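What follows is one structure encoded as structure tokens, with my remarks underneath.
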Amino acid sequence: MPNLLEQKAKIRANQIREKLGFFKEPVTNIFELIESLNILLTKKPLNNSSISAYFLHYKNNYLFFINSAHTLGRQHFSAAHEIYHYYFDKELNGTICDTFKFKNQRNESETLADYFAVHFLMPEDGIYKFFNIVGDQVININKIIKAQNYFKVSFKAMLVRLKVLELIDEDQYNEFSNIHLNSTFAKLGYSRELILPTNDIYIPQSYLEILNDNYEQNKITENAYKEYLADVGLSIKDILVKEEVEDIVEESSFDY
């Protein structure tokens, strides 16, 4: 039976799902969703695995940072976790998040955000609809991987969800937890996209353009410029382009 915090998070997740028009259906692209809410989304791989994501809020501006060294499925969970902060922690100026810890989180807000992510990405009604359990039908590994890909979550997240909903028992959970994911996905013909890190760097061009314009017009100091870059995991050396030693000469032969 869900605890009180999970019940609260479930109600809130269902409210936001309904508001955004998802209802029982999966969130097909959570990164596009975030940007559609006018939230600045940035991604970069970090060596510190305990940082899943962070959230920044200044006036009416919001920024989400996602650690792309985590698997894509875990990134989706972290993004949903940050969506909770966006909607329900308006007083927060910012917080660094280590997601997927639930009862072991450092405070109630982080625990709520984890439970929210579960119900936002894997709504109970949606899970039951997908599996359409009839009688003693057994859930096999093939259908679990299908569900994982359908709801765009990590394999571990889907397994835990099925166990909590009592769609698989403890023995099945342990059995499926010990499979070799890479070989199983390959054998069954599934993409490994969700179970691998992306390690990509994503910074919206508009952010860098606005930042550079403000710096060149002396609206912000160099230290502030560096701090704003650091907020999205960059430094000045990351964006400087080395000047070529030789001048670029236009092609004189271009003619048509």
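The values are calculated or read from the model by the stated rules, or taken from the named source; none is laboratory data. This one's a predicted model, so the numbers in the text were calculated from it and none came from an experiment. Glycine gets a Cβ as well: all are built from the backbone with ideal geometry, and neighbour counts include every protein chain shown.
Remarks
- Residue match in region 222-245 (condition: surrounded by 15 or more Cβ atoms within 10 Å (Cβ to Cβ), of a type in the set (S, T, N, Q) and either modelled with pLDDT of 95 or more or out of contact with any helix residue (DSSP H, G or I) (no Cβ under 7 Å at 6 or more places or on another chain) (or both)): no
- Identification of helices (runs of 4 or more DSSP H) wholly contained in region 134-245 with 1 or more residues that are in contact with a Phe, Trp or Tyr (Cβ under 8 Å, 6 or more places away or on another chain) and acidic (D, E) yields 222-231.
- The lone exception for Y190 - which of (1) surrounded by fewer than 11 Cβ atoms within 10 Å (Cβ to Cβ); (2) under 22 Å from the mean Cα position of the chain (by Cα); (3) farther than 26 Å from I51 by Cα it fails: (1)
A quick yes/no check of all residues on (1) at pLDDT below 95; (2) of a type in the set (A, V, I, L, M, F, W, C); (3) outside the structural domain of T184 (by TED's automatic domain parsing):
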site: R106; (1), (2), (3): yes, no, no
site: E110; (1), (2), (3): yes, no, no
site: A117; (1), (2), (3): no, yes, no
site: M122; (1), (2), (3): no, yes, no
site: I133; (1), (2), (3): yes, yes, no
site: V138; (1), (2), (3): yes, yes, no
site: Y150; (1), (2), (3): no, no, no
site: V153; (1), (2), (3): no, yes, no
site: L159; (1), (2), (3): no, yes, no
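- Pairs where the first residue, in region 80-99, is more than 21 Å from N60 (Cβ to Cβ) and the second is surrounded by fewer than 17 Cβ atoms within 10 Å (Cβ to Cβ), C-beta under 8 Å, 6+ apart: D98/S50
- When residues of region 97-140 are limited to those that are among the β-branched types (V, I, T) and within 27 Å of E175 (Cα to Cα), the one farthest from the chain's Cα centre (by Cα): V134
- Residue within region 87-94 that is modelled with pLDDT of 90 or more and aliphatic (A, V, I, L, M) present: no
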